[in-house]
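Below: one structure, written as structure tokens.
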Amino acid sequence: MNAPTFTPSDIISWAPHSFTGTTQYRLVEIDGRQAVEANCTDGTASGLFYREDIDLTRTPIVEWEWRVDETLTGIDETTRAGDDYPARLYLVDEAPILRWRTRALNYVWSSTSEPGSDWPNAFASQARMIAVAGAEHAGQGWRTERRNVLEDFRRHHDHEPDRINAVAVMTDCDNTGQQTRAWYGNIRFLPESMQHPPFPPR
């Protein structure tokens with residue numbers, strides 16, 4: 001089975017989508033490896049989007065690498081004024097005609113919330129924010145995360161889609177006006193039934 005896998009050189013070629021201005025994304029070398037660096041300095045909110053179906057019945061597990069050195073300060077992420085994240089992985093089950101049926105998961109590197117906590121997005125309640133890493137993990141180098149996407153859609157949306165229609169990375173700072181930076185490594189989708197070796201050593 002071919003499992004969808006995206007390297008940083010793939011991710012940097014994804015389609016940009018702006019909500020407010022343009023966050024700077026570029027391909028860099030850091031720690032001896034390739035990564036997508038995201039710099040948010042001017043109150044921007046934009047992401048890089050992959051808009052092709054991914055079959056969750058075959059590959060329901062998502063695994064990704066990211067790094068954040070500093071998080072945001074003095075914010076409430078559950079409010080519109082505090083709805084910024086140094087890094088997020090965004091998965092969308094889109095209903096193009098019936099927009100209100102679109103559902104999304106945002107796996108975020110939180111600045112103030114405990115990992116494991118979740119809350120509705122302050123601007124769109126059909127998008128669920130899930131804190132995967134937190135401020136205590138900032139400055140500790142790369143992290144590898146793994147989530148069962150089907151289980152998370154079931155838990156947070158009472159819905160189990162056969163597929164998702166979009167994957168995105170996003171670093172935003174438009175609501176708080178603070179500056180933030182993150183790095184994104186590999187992203188891959190995996191079958192649930194097999195054992196998955198870790199990403200190659202860095």
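What is the residue count in the stretch 77-94 for residues that are of a type outside the set (Ser, Thr, Tyr), farther than 19 Å from residue 138 by Cβ and open to solvent by 10 Å² or more (accessible area, probe 1.4 Å)?
Final tally of qualifying residues: 5.
Being farther than 21 Å from residue 129 by Cβ and modelled with pLDDT of 95 or more is true for just one of 58, 33. Which residue is that? Unique residue meeting the criteria: 58.
Considering (1) without any contact (Cβ under 8 Å) to a residue 40 or more places away in the chain; (2) assigned to a strand (DSSP E or B), the lone condition that residue 17 does not fulfil carries the number (1).
Count of the stretch 129-150 residues, restricted to those that are buried (at least 19 other Cβ atoms within 10 Å of the Cβ) and without any contact (Cβ under 8 Å) to a residue 12 or more places away in the chain, is 0.
Of the residues making up the stretch 41-70, those that are among the aliphatic types (A, V, I, L, M) and either open to solvent by less than 10 Å² (accessible area, probe 1.4 Å) or within 21 Å of residue 175 (Cβ to Cβ) (or both) are 45, 48, 54, 56, 62, 68. Considering only the stretch 40-67, state which residues are among the aliphatic types (A, V, I, L, M) and outside any strand (DSSP E or B). The answer is 56, and nothing else.
Only one of the listed residues (114, 37, 70, 77) is among the acidic types (Asp, Glu), touching a strand residue (DSSP E or B) at 6+ places or on another chain (Cβ under 8 Å) and assigned to a strand (DSSP E or B). That residue is 37.
The values are calculated or read from the model by the stated rules, or taken from the named source; none is laboratory data. On a predicted model such as this, the values are computed, not experimentally measured, just so you know. Cβ atoms come from the backbone with ideal geometry, glycine included; neighbour counts cover every protein chain shown. Calculation scope for accessible area: heavy atoms of the full protein, side chains included, ligands and nucleic acids excluded. Shrake-Rupley method; radii C 1.70, N 1.55, O 1.52, S 1.80 Å.
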